[in-house]
Each structure stands twice: as structure tokens, then as C-alpha cells.
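Before any comments, here is the structure.
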Amino acid sequence: MNIFVKFSISILAILSFSFIILDKGEPANPKDESKWKVIFNGKNLKGWVPKIHHHEVGDNYANTYKVIDGAIVVNYDEYGAFEDRYGHLFYEKPFSSFHLVWEYRFTDQWLKDAASYTYRNSGIMFHSQAPETILKEQDWPISVEYQMLAEEKEGVARPTGNMCSPGTDVVFEGKVDPRHCINSTSPTFKWNEWVKAELIVYGDSIVHHLVNGDTVLTYSLPQIGGGVANRFDPAIKVDGTPLKSGYIGLQSEGQGVMFREIKIREL
């Protein structure tokens, strides 16, 4: 653990309470609509850039991402084999401290040759490396993920709003957590139910995940580290580097999913 992380953990042990007591993570008046920016226009993919594993940045292979009825839809109608074509649709500019809101629901489309864990599973990446720096054969961007899950087996808990960390680490409960994914405290939702998701990020400090208005996970100090991401440019992955800002990306990993009402305000 580098000196920055040790010092920051000590400071956060003192400061975290003041953030957490906000409960829903609201840093400002949520009714002030003038501060919100709609980043998906509901009509087309203007302002969004795809990067799919095995393909160059900008190649929306087989129309993986399309707009249907006012939503960005991850769709596999034109696919043959999936062949690990994990993809991400990135918004064109980076953000540092922000409050992101969106709604999502899964579809009944899932490619059976995708990994089993991708079933009713998707997410939004943030603090990601720029899409143009992701190599053609790099599977996952170095980023932090707000993971979205839905019920897989009736009666079996499967929370949403979790955190996953391809090529990154976070501090959870006072220490760098070695797990790739950390579960939230959210309830389990049916696959075809619209869910409101929120992500509140204070640069490289505190991160809150919200589900339907409730805070379900809080952690801190996002930084480069860990594993999972493969075949990246080693110049990009400098472990221990604080993640102060980065790009937002909508995930595609073999499961159909819809995103709508995507808006952001900078903090």
C-alpha cells in the first residue's frame, strides 16, 4: 500500500461519517433541474462511442447498441457467436465529481455462449480510461463498475447496485478490499422491472451507489490496481494511481438490457 493510500485511509476514517449521514448521498438540492444535463437524447447515439472486445474503438459491431422507443438497447439480433465480445458504449467526455441518474431493465435476450455469470447482468462503468486508449484485444476497460443484476432463481437473493473493479481497487470498511465485486444491500428485482439507479462520485474520495432512492453501498479511494482486465497497455495501468476522473460506459456482455433517462450533474 503506497503512502497516499495510507494517509487517505486515515483521513477518511475521520471524514467518512460526515458523508455517510447524508444517507441518500444528495450533495445539493435535487429539485434544481438547471444543474442537470441530459446525456442521452432519446433519439440516437450522438455523443456516445462504442468499444467492443476484438474490434476497434468506434465500431458498433452488429449494431450492438441501438435506440428503440427512447432507450439505448443492448441487442444481439445480428450476432452469430458471442465470442467474448464484451463491449462498452462511452459518453464522449470525462467527469470527475458528479451525480449520475438512469433507469434500466433487462430484456429476455441472453446469448447462451456468453459466460454464465452474464445472465441478467450488466452495468455502468465510471472513472474509466479513455475509449481510444483501450486496445483492440483488451477485454475490460480499467474502470470501476456499478453492477446491475436481476433475479436469476426465484426466491434467491441477488442484489443490484454492486461494485466491481476491473483493473482497479477501492477502500471498503477501512481497507483496500481484495474482492473483485462487493455486494450492496439492495433488494432483488425481477428481470423485466424498471429500476432507478444513481451514482454519486466525489473524485477519488467517496462513492455512493443508490437504488430506487436508497443508498445501498458506499466506498472510497478508487485507484488503479487489482486484476481481471487483460491485454491492456501497461503504460495505462500504473497500480496505486488515484482515479480522480474518467469516462462513463454502458456495458454489453451477452445479456440484453435497456437504458433510459440518463442525466448527470457535476458536483
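I'd like the distance separating the alpha-carbon centroids of segment 209-256 and segment 63-107, in whole Å. Value for the Cα centre distance between the two parts: 16 Å.
If you run the Gaussian network model on the chain, springs between alpha carbon atoms under 10 Å, then out of 205, 165, 143 the most flexible one is 205. Counting only trypsin sites (Lys or Arg not before Pro) that DSSP places in a loop and that have at most 13 other Cβ atoms within 10 Å, the longest clean stretch of the chain runs over 47-111.
For the chain, modelled as a GNM whose springs connect Cα atoms under 10 angstrom apart, the maximal fluctuation among 245, 116, 186 occurs at 116.
Within the chain, what's the longest run with no GluC sites (Glu not before Pro) in a DSSP loop and at most 10 other beta-carbon atoms within 10 Å? Give the range, please. Result for the longest clean stretch: 174-267. Taking the chain as a Gaussian network, Cα atoms linked when under 10 Å apart, which of 72, 248, 236 shows the biggest mean-square fluctuation? Highest fluctuation among the options: 236. The residue 56 and residue 239 beta-carbon pair, evaluated with R₀ = 30 Å, returns a calculated FRET efficiency of approximately 0.65. The calculated 222 nm mean residue ellipticity attributable to helices in the chain amounts to -2500 deg cm²/dmol, summing -39500 (n - 2.57) over DSSP H runs of n ≥ 4 and dividing by all residues.
Within segment 150-171, which residues have the backbone N less than 16 Å from the label spot 7 Å out from residue 181 along Cα→beta-carbon, could you tell me? It comes to 150-154, 156-168, nothing else.
When 139, 113 are sorted by how many other C-beta atoms sit within 10 angstrom of their C-beta, beginning with the fewest, the order is 113, 139. The charge dipole of the chain, taken about the Cα centre with unit charges on the Cβ atoms of Lys, Arg (+1) and Asp, Glu (-1), comes to about 460 debye, rounded to the nearest 20. What translational diffusion coefficient, in µm²/s and rounded to a whole number, does the Stokes-Einstein relation yield for the chain at 20 °C and a viscosity of 1.002 mPa s, taking the hydrodynamic radius as the Kirkwood radius over Cα pairs? In µm²/s, the coefficient is 115. By how many degrees, 0 to 90 and rounded to 10, does the Cα axis of helix 3-20 deviate from the longest principal axis of the chain? Helix 3-20 sits roughly 90 degrees off the main axis of the chain.
Every number in this text was worked out from the coordinates using simple rules, so none of it is lab data. Everything quoted here is computed from the prediction, not taken from an experiment. Quick reminder, even Gly has a Cβ in these numbers, built from the backbone with ideal geometry, and neighbours come from all protein chains shown.
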